[in-house]
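What follows is a single structure, written as structure tokens, with notes after it.
The values are calculated or read from the model by the stated rules, or taken from the named source; none is laboratory data. As the structure is a computational prediction, the values presented were derived from the model and not from experiment. Here the Cβ is made from the backbone with ideal geometry for all residues, glycine too, and neighbour counts use every protein chain on show.
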Amino acid sequence: MSAARIARVVVDSPLPQLDRLFDYAIPDTLADQVVPGIRVRVPLRSAGRIADGFVVEVTSGGDYEGTLSALEGVTSPIPVLTPEVWMLARRAADRAAGSASDILRLAVPGRQVRVEKAYLADVGSGPLPVVVAPPIDHYGVGTIESAITERRRLALDAVPRVTQVAENTWVGTWALTLAQAAAATIAAGESAIVVVPDYRDQDQVQAALTSLLPPESIVRLDARQSNPDRYRGFLRCLGPDPLVIVGNRSVVYAPARKLGLIAMWDDGDPLHSEPLAPYVHARDAALLRQEEQGCALIFASHSRSTEVERLVELGWVTAVQPSPRVLPKVVPTAQQAGGDPLAERARIPSSAWRAAREALSQGPVLVQVARPGYSPRLACVDCGQTARCLRCSGPLAQRNQRSVPSCSWCGALAVDWTCSHCEGTRLRPAGAAGTSRTAEDLGRAFPGTRVIVADGEHPVQAVDARPALVIATRGAEPTAAGGYRAVLLLDGEQMIARESLRVAEDCLRWWSNAIALAAPGAPTMLVGVGGALATALVTWQQSAFVRSELADRRALRFPPAVRVATATGTLEAVTRAVEAVDGNPADILGPVDVAPSTVRTIIRFDYSKGAEVAATLRAEVIRSATGRRSAKGGRPTTPLLKVRFDDLEPFLEQ
């Protein structure tokens, strides 16, 4: 008699003690259906309920000597969990002391029955057409292509220009470079994954890809899609044909067949950080997947992150610059106004005002400001104190010049407002003006000029080549046809004034991305910023500044020079977790109170100790979870311990 077949299943559960594979007997009625990767339903004896899960492995024997529970049923016959994605989820979870099932929720979209039926009924349309990839520009003949073939890891300095990829369609040159790299991968018969921060970047990459590849070779996966559309795209990735898969951070887990390239744009953007447990950054997942599957890996940016710079210094990633170099025209300008009183009110120095006036005769001009809205803060005219809501003490703000001031917290209108300090009744704008107020001021300074506002409330992705003033917040700048004829970077002093570990790195990235939207030879006026930051932008040597930044963090043992983990919970649970890792070479900072009955401790340690520290803290999380019971019903209560690796929030607090 042959041995009974056993399915090893990962259960979809948030409980850390269930983060392992469970053995289930495969009934004879399901013997022909159960294969690795399918969705199944399984009984949980301890909880007395039925849970969902994925079959990871099918074997003919196991270590358990008793009677195994049988699978409850097969949810779907499609193997949606590939072995490569499972191994990636397991490694990423172990590195972050988290649960693999939490990552699988990001990797595998929820099931859509109608989409599955259509997928199973589709007989396919034959093989995709053969792709002939064009050469990749700006980096020397064959430089990027050979790196892809040799499965190398690159830190790619993007070309600071815009490029036309179709009629009336302009994208950042970085998007075309990544599209050309993906096309070269497709031409070699392999798939490529392109990871970008948000939908604006996705649209640029997709436009560049469409100019090089047939539409059926491109799949888009992102959070803005409807559930059926996302699942439909996910199922396409399971097919045998090489594809280019474009999306935001979770696309790094897409089930690409014959993966040849992972390309990530602007890994320093905070949108690449996963807000859900176990908080694995897309960059870390890409590094793990590259190591697991042996594909090529490209980190492209105008200003690389300190994390990538650390990998460059270690020799793990190779830095590549354009050949020949492309140097934008950046002019630092002191925060002094003149030449026009209206320009002075708009915070534009005389030299920047003259550059903008001249550029407007040729095309659009970009003005980057720090904040959206009209006036982010109001103050009392008489005493200068910040105006506070009379109901909740929140700060008052104003959406536009004609609107009634209102509370930024509760939304209450500030009717009959009185200052609590001096009993004054008049308000004035304070702090940096937002996009709306700047647009009004510049509209007066440049009468008759078209003014466009681009921010979170007014999304604009592209503007034409006609003269216009484009007022945008950082990260929301539209792409202009042919590039902007001048770029004005205002509010530099306010942006740098934030107390944050990454403030200089972020400012360098924000300004570099805006400068890259300028037309060739167009000036960029950097207002109110000097020192090393201005030098890095003028010489377009951001890597030198980032190296200096990393050296400072290494001396202070700040991330990413070292790894960090935070343990948050009750004092008893946190103390026990810290004692468990205290035998390792680690720095312990804390505990400090963060909420009633809740403390937080920061643990700093070297990368070589990461696996050991993660395993130890994971054991403490499981111990805390299995030991927590309420006094009455014995059901789980609030977790006593929460662990987060690579947690930068304590270092970003203002």
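Some observations on this one:
- Pairs with Cβ under 8 Å, 6+ apart, first in the stretch 152-171 and among the aromatic types (Phe, Trp, Tyr), second surrounded by fewer than 19 Cβ atoms within 10 Å (Cβ to Cβ) and assigned to a strand (DSSP E or B): Trp170/Gln164; Trp170/Ala462
- All conditions but one from (1) over 20 Å from Gly247 (Cβ atoms); (2) surrounded by fewer than 22 Cβ atoms within 10 Å (Cβ to Cβ); (3) in contact (Cβ under 8 Å) with a residue 12 or more places away in the chain apply to Glu292; the one that does not is (1).
- Test: residue in the stretch 75-89 that is surrounded by fewer than 21 Cβ atoms within 10 Å (Cβ to Cβ) and either on the phi > 0 side of the Ramachandran plot or basic (Lys, Arg) (or both): no
- Set Arg450, Arg498, Arg485: member being surrounded by fewer than 17 Cβ atoms within 10 Å (Cβ to Cβ) and more than 21 Å from the chain's Cα centre (by Cα): Arg450
- Here Val594 passes the criteria (1) outside the structural domain of Leu360 (by TED's automatic domain parsing); (2) in a helix (DSSP H, G or I); (3) surrounded by fewer than 19 Cβ atoms within 10 Å (Cβ to Cβ) except the one numbered (2).
- Selection from the stretch 202-220 of residues that are crowded, with 24+ Cβ neighbours inside 10 Å and touching a residue at least 60 places away in the same chain (Cβ under 8 Å): Gln204, Val205
- If you go through the stretch 461-483 and keep only what is of a type in the set (A, V, I, L, M), modelled with pLDDT of 95 or more and part of a loop (DSSP other than H, G, I, E, B), you end up with Ala465, Ala481.
- The stretch 172-193: number of residues that are without any contact (Cβ under 8 Å) to a residue 40 or more places away in the chain and out of contact with any strand residue (DSSP E or B) (no Cβ under 9 Å at 6 or more places or on another chain): 0
- Residue within the stretch 420-443 that is among the β-branched types (Val, Ile, Thr) and part of a helix (DSSP H, G or I) present: yes
- Within the stretch 252-266, the only residue that satisfies the criterion of being crowded, with 23+ Cβ neighbours inside 10 Å and among the charged types (D, E, K, R) is Asp266.
- Asp229 vs. criteria charged (D, E, K, R), out of contact with any His (no Cβ under 7 Å at 6 or more places or on another chain) and closer than 24 Å to Ala89 by Cα: yes
- Pairs with Cβ under 7 Å, 6+ apart, first in the stretch 464-477 and in the same structural domain as Asp506 (by TED's automatic domain parsing) and over 14 Å from Arg200 (Cα atoms), second aromatic (Phe, Trp, Tyr) and surrounded by 20 or more Cβ atoms within 10 Å (Cβ to Cβ): Leu469/Phe446
Conditions (1) modelled with pLDDT under 95; (2) of a type in the set (Asp, Glu); (3) in contact with a Phe, Trp or Tyr (Cβ under 9 Å, 6 or more places away or on another chain), marked per residue:
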{"residue": "Gly530", "(1), (2), (3)": "yes, no, no"}
{"residue": "Trp540", "(1), (2), (3)": "no, no, no"}
{"residue": "Arg557", "(1), (2), (3)": "yes, no, no"}
{"residue": "Glu572", "(1), (2), (3)": "yes, yes, no"}
{"residue": "Pro596", "(1), (2), (3)": "yes, no, no"}
{"residue": "Arg604", "(1), (2), (3)": "yes, no, yes"}
{"residue": "Ala625", "(1), (2), (3)": "yes, no, no"}
